[in-house]
């Protein structure tokens, strides 16, 4: 499974409420971005930036 597929799976888990948040670091942001841009309900996913380029995403139901 490629990294884009792994992030799509995590985004679906976030949407379905199986996980509460998703933490992305600068090292894996590019791979995450590919899956995020293809995700059908991405506009419901809210990211909060933290120090050192880390981002926490949550899903707005």
Find the residue count for region 9-30, including only residues that are more than 17 Å from residue 49 (Cα to Cα) and in contact with a helix residue (DSSP H, G or I) (Cβ under 7 Å, 6 or more places away or on another chain).
-> 2
For region 16-30, which residues satisfy the criterion of being over 10 Å from the mean Cα position of the chain (by Cα) and either in contact (Cβ under 8 Å) with a residue 12 or more places away in the chain or surrounded by 14 or more Cβ atoms within 10 Å (Cβ to Cβ) (or both)?
-> 17, 19, 20, 25, 26, 28
Where residues in region 38-61 are part of a helix (DSSP H, G or I) and over 14 Å from residue 16 (Cβ atoms), which of them is nearest to the chain's Cα centre (by Cα)?
-> 42
For region 33-61, what are the residues that are surrounded by 10 or more Cβ atoms within 10 Å (Cβ to Cβ) and closer than 13 Å to residue 12 by Cα?
-> 35, 36, 38, 39, 41, 42, 44, 45, 57, 58, 59
Within region 7-14, identify whether any single residue is in contact with a strand residue (DSSP E or B) (Cβ under 8 Å, 6 or more places away or on another chain), at negative phi and surrounded by fewer than 12 Cβ atoms within 10 Å (Cβ to Cβ), and answer yes or no.
-> no
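Each reported figure results from applying straightforward, stated rules to the coordinates on display, with no laboratory input. Please read these numbers as outputs of a predicted model, since none were measured by experiment. All Cβ positions, even for glycine, are placed from backbone atoms using ideal geometry, and neighbour counts span all protein chains on display.
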